[in-house]
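I have placed the structure first, in the form of structure tokens, so that the comments after it can refer back to it.
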Amino acid sequence: MKLEIDQQRLQAEIDTLATISDAEPPVVTRIVFTPADLKAREWLMSRCEEAGLSVRVDPIGNIFACWEGADRALPAVGTGSHIDAIPNAGKYDGVVGVLGGLEAIRALRRAGFQPKHSIELLVFATEEPTRFGIGCLGSRLLSGSMSADSAGRLNDSDGNSAETVRRSAGFAGDLRDVKLSASHYKAFVEMHIEQGPLLEQAHLPLGIVTKIAAPASGDRYSRDDFRRGTSCCHKNCVYAR
Ligand SMILES: [Zn+2]
């Protein structure tokens, strides 16, 4: 099977998504549940539907775009990342894993691949801690590592709870329903731009992380950290060399 990535189209999509932002280019600001974030999500879901994927959104706003496999009883193979962005972020953070994943799925479809397992693009909601002071809220709920009650009670800087904010942004349903079964995925891969200098210095186009650092003091960032430009946890990834 010959897979061909349409690099021009992918770059054009990355550039288009970067224009849906509350900051002037070249930087991107797309805080979760703001109009810019909601518009970006709509744009992305249209791209997924165009690609023939069936799209569903869970109560916290995680987006699942699924290419159904021949045997739907089997666990899915997943890929994805996030499109929310801290103030004055770069255009590739998260987006590479989302639009890159989508293009990988399109390339497989163009090549005539017939998946046995469903292949699913997952866009994690509230990955950045900018709004609610805690990162990876969508994936914490997916994995069950945070309770729906605790998640719903998190406040943004205006004192609005995550529960109120997500409901007024149009996300209905019960946060307890976000959790996935442990057997939902057979495998999952996230592609992410390097947020450090190692691969670049070594002139390597790609690295595979073998460990992810989890700094406990960074678990709950203050909003001042973000005004100072603290980035998400990805910069702590440890690459295989
Ligand atoms: Zn990221």
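Just so it is clear, none of the values below were taken in a lab; they were calculated from the coordinates. What you see is a predicted model; the values in this text were computed from it and never measured. Because the Cβ atoms are built from the backbone with ideal geometry, glycine has one as well, and the counts that use them run over all protein chains shown.
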- line: Expected vector for region 2-18, Karplus 3J(HN,Hα) from phi with 6.51, -1.76, 1.60 and θ = phi - 60°, integer Hz, x for Gly and Pro, equals 9, 9, 10, 8, 7, 5, 5, 5, 4, 5, 4, 5, 4, 5, 5, 4, 5
query: Mean 1/r over all different Cα pairs, inverted: what Kirkwood radius does region 1-106 give, in Å?
result: 14.5
message: Given the DSSP H assignment, sum -39500 (n - 2.57) over each helix run of at least 4 residues in the chain and divide by its residue total; what's the result at 222 nm in deg cm²/dmol, nearest 500?
response: -9000 deg cm²/dmol
field: Whether region 72-187 is rounded, prolate or oblate, judged on the alpha carbon gyration tensor where a/c under 1.5 counts as rounded
entry: oblate
task: Between Q201 and D22, with labels modelled 7 Å along Cα→Cβ, what's the label distance in nm to one decimal, could you check?
output: 3.5
statement: With 0.36 nm assigned to each residue of separation and the Cα-Cα distance removed, K211 to A182 gains 8.3 nm
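Pulled fully out, how much extra length does the chain show between S143 and S161, if you take 0.36 nm times their separation in residues and subtract their Cα-Cα distance? Intermediate results must be reported in sequence, preceding the final value.
Numbers: separation 18, 0.36 × 18 = 6.48 nm, distance 2.10 nm.
Length gained, S143 through S161: 4.4 nm.
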task: Take E120, E24, E190 and order them by how many other Cβ atoms sit within 10 Å, fewest up front.
output: E24, E190, E120
- request: Enumerate the amide H contacts of V77 below 5 Å, restricted to partners 5 or more residues apart or on another chain; note that Pro and chain-start residues carry no placed amide H.
  value: S118, I119, E120, K186
task: Evaluate the charge dipole of region 86-198 about its Cα centre and quote only its size in Debye, nearest 20, assuming +1 on the Cβ of each Lys and Arg and -1 on the Cβ of each Asp and Glu.
output: 460
task: Could you grab the relative contact order for the chain? Cα pairs under 8 Å, six or more apart, rounded to a whole percent.
output: 21
- request: Compute the distribution of all C-alpha to C-alpha distances in region 135-211, in bins of 10 Å from 0, and list the percent of pairs in each, rounded to whole numbers.
  value: 14, 34, 23, 22, 6
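Considering only DSSP states other than H, G, I, E and B, which trypsin sites (Lys or Arg not before Pro) in region 1-32 qualify as loop sites with at most 13 other Cβ atoms within 10 Å?
Qualifying residues, ordered by number: K2.
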- prompt: Build a GNM of the chain with springs between Cα atoms under 10 Å: which of K179, K91, K211 gets the top mean-square fluctuation?
  reply: K211
- line: At R0 = 41 Å the Cβ-Cβ FRET efficiency linking K2 and E42, nearest 0.05, sits at 0.80
field: Extension reserve of the E49-A12 stretch, reckoned as 0.36 nm per residue once the Cα distance is removed
entry: 11.5 nm
- request: First check a/c for region 176-216, with a ≥ b ≥ c the square roots of the eigenvalues of its C-alpha gyration tensor; if it is under 1.5, answer rounded, and if not, answer prolate when a/b is larger than b/c or oblate otherwise.
  value: prolate
message: Need one word for region 77-143: rounded, prolate or oblate. Basis is the Cα gyration tensor (sqrt eigenvalues a ≥ b ≥ c); a/c below 1.5 gives rounded, then a/b vs b/c decides.
response: oblate
query: Ratio of the chain's C-alpha Rg to 2.2 N^0.38 Å, to two decimals?
result: 0.99
query: Among the aspartates and glutamates, which have Cα under 17 Å from the Cα of K116 when same-chain residues fewer than 8 positions away are ignored?
result: E68, D71
- prompt: So how do 196-203, 82-89, 101-108 stack up, highest first, on mean other-Cβ count within 10 Å?
  reply: 82-89, 101-108, 196-203
- prompt: Restricting to the chain, what percent of DSSP beta bridges are antiparallel, rounded to 5?
  reply: 65
Span from the region 94-156 Cα centroid across to the region 163-193 one, whole angstrom: 7
task: Take W43, W67 and order them by how many other Cβ atoms sit within 10 Å, fewest up front.
output: W43, W67
